[in-house]
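Scroll down for the structure; my scribbles are underneath it.
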Amino acid sequence: MERVRGEEVGEVLNMKSKYNMTLEQNIFVAKRNIVDYIYKSAQLEGLGVTYPDTEAIFNGVSAPGVKVTDIIAVNNLKHAWQFLLDTLESPLDYAYLCKLNQLVGGDNLVYNAGYIRTLSVSIGGTSWKPEIPVEDDIKARLIELQRVENATDRAIEIMLYVMRGQFFLDGNKRTAMLAANKEMIANGQGIISIPVELIPQFTPLLVKYYETGEPDTIKAFVYDNCIDGMNI
C-alpha cells in the first residue's frame, strides 16, 4: 500500500483490491458465510451468543439460555443483511444509512433507531466524545467519500467514518460494517469482518482512531486481516 493525498478526502492509504469478483460471485460468498459474519458482528458488540446459538437463531430454532435482547440483535442483523443483499444497486446515501440502523435497532432494541442522535454519548475505553451529528454534514461527507477511487479503500473509509461519527444512539459499528459491505459486495471486493480472535487487537486501534481521527493504522489492519473473499 502506498500513501497518497486525496484532494477531497484527505490523506488515505491507496489500496489495491484484494479480490475482484463478479457481483454474483460476491453475493455467493456473502450468502455462504452469512452466519459467520453475523456471529463476528455479534462478538464485536459483546453479545452473549456462540456460533451455534447464532446459527440456531438465524434458522429460526430456539437457543436456550440466550437473552431475548441478544436473540433480537441477531435476528435484526439477519434482516439487515437480507435488506443489503436485496438493495445493492441503491445509492449508499444518508437515507440508506438510516435504514440500516433502523433494521439493526428494530423491535425496540435501540431507542429511536434509524434517526441520528440529538443527545451526547460516551464511548467505553476513552474520555473522547463525538460531536452531535448534523444531517447535512453526513450527506456531504458521504458524497465526498464516494470519490475515493478504489472500492475497497472507499468501503473502509465509509466504515470508519460511520464508526467514529457515532451518528446513532446505538448499533453504530454494526451499521458501519453493513454500509461498508454493501460497497464491497456491489463492487466484487469481498466482505469485511473482524475475526473474533483479532477483536482484542482491533478494539484499541478503534479507540485510538476515535481519539486522534488518524485512520492509517486501523485501515492497514482491516485491509491486512479483515477482508474475506475468493480468488477466482
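For first residues located in segment 185-205 and surrounded by fewer than 17 Cβ atoms within 10 Å (Cβ to Cβ), partners that are part of a loop (DSSP other than H, G, I, E, B) and at pLDDT 95 or above and lie 6+ apart or on another chain with Cβ distances below 7 Å form the pairs P195/C226. In segment 180-198, which residues are outside any helix (DSSP H, G or I) and either within 11 Å of C226 (Cβ to Cβ) or touching a Pro at 6+ places or on another chain (Cβ under 7 Å) (or both)? Result: G190, I191, I192, S193, I194, P195. One residue alone among G105, G125, G114 is on the phi > 0 side of the Ramachandran plot and at pLDDT 95 or above, and that residue is G114.
Checked against the criterion of being at pLDDT below 95 and of a type outside the set (A, V, I, L, M), segment 28-46 contains one or more residues that satisfy it. Quick one: how many residues across segment 59-71 are over 19 Å from the mean Cα position of the chain (by Cα) and either assigned to a helix (DSSP H, G or I) or among the acidic types (D, E) (or both)? So the count comes out to 3. Close Cβ contacts (under 6 Å, 6 or more residues apart or on different chains) running from residues in segment 49-63 that are surrounded by 12 or more Cβ atoms within 10 Å (Cβ to Cβ) to residues that are not aliphatic (A, V, I, L, M) comprise V49/D70; Y51/Y39; T54/Y39; F58/K78; A63/D53.
Against the conditions (1) under 28 Å from Q189 (Cβ atoms); (2) of a type in the set (S, T, N, Q); (3) assigned to a helix (DSSP H, G or I), S90 satisfies every one except (3). When the residues of segment 202-230 are filtered to those that are part of a helix (DSSP H, G or I) and in contact with a strand residue (DSSP E or B) (Cβ under 8 Å, 6 or more places away or on another chain), the one that is nearest to T152 (Cα to Cα) is Y223. Can you confirm whether segment 143-157 contains a residue that is under 18 Å from G171 (Cβ atoms) and surrounded by 14 or more Cβ atoms within 10 Å (Cβ to Cβ)? Checked against the condition, which is being under 18 Å from G171 (Cβ atoms) and surrounded by 14 or more Cβ atoms within 10 Å (Cβ to Cβ), segment 143-157 yields no hits at all.
When T54 is tested against the conditions (1) within 18 Å of M177 (Cβ to Cβ); (2) in a loop (DSSP other than H, G, I, E, B), the lone failure is (2).
Exactly one residue among E183, E197 is among the charged types (D, E, K, R) and out of contact with any Ser or Thr (no Cβ under 9 Å at 6 or more places or on another chain), and that residue is E197.
All told, V74 falls short of being assigned to a loop (DSSP other than H, G, I, E, B) and either closer than 23 Å to P195 by Cα or of a type in the set (V, I, T) (or both). Restricting to segment 103-121, name every residue that is surrounded by fewer than 21 Cβ atoms within 10 Å (Cβ to Cβ) and either of a type in the set (S, T, N, Q) or more than 24 Å from T50 (Cα to Cα) (or both). The answer is N108, Y111, N112, G114, Y115, I116, R117, T118, L119, S120, V121.
Considering only residues in segment 1-27 that are surrounded by fewer than 13 Cβ atoms within 10 Å (Cβ to Cβ) and assigned to a loop (DSSP other than H, G, I, E, B), the one that is modelled with the highest pLDDT turns out to be T22.
Every condition in (1) touching a residue at least 24 places away in the same chain (Cβ under 8 Å); (2) aliphatic (A, V, I, L, M); (3) assigned to a helix (DSSP H, G or I); (4) more than 20 Å from Q146 (Cβ to Cβ) is met by L84 except one, and the failing one is (4).
The values are calculated or read from the model by the stated rules, or taken from the named source; none is laboratory data. Being a predicted model, the structure only gives us computed values, none of them experimental. No Cβ is skipped: glycine too gets one built from the backbone with ideal geometry, and neighbour counts run over all protein chains shown.
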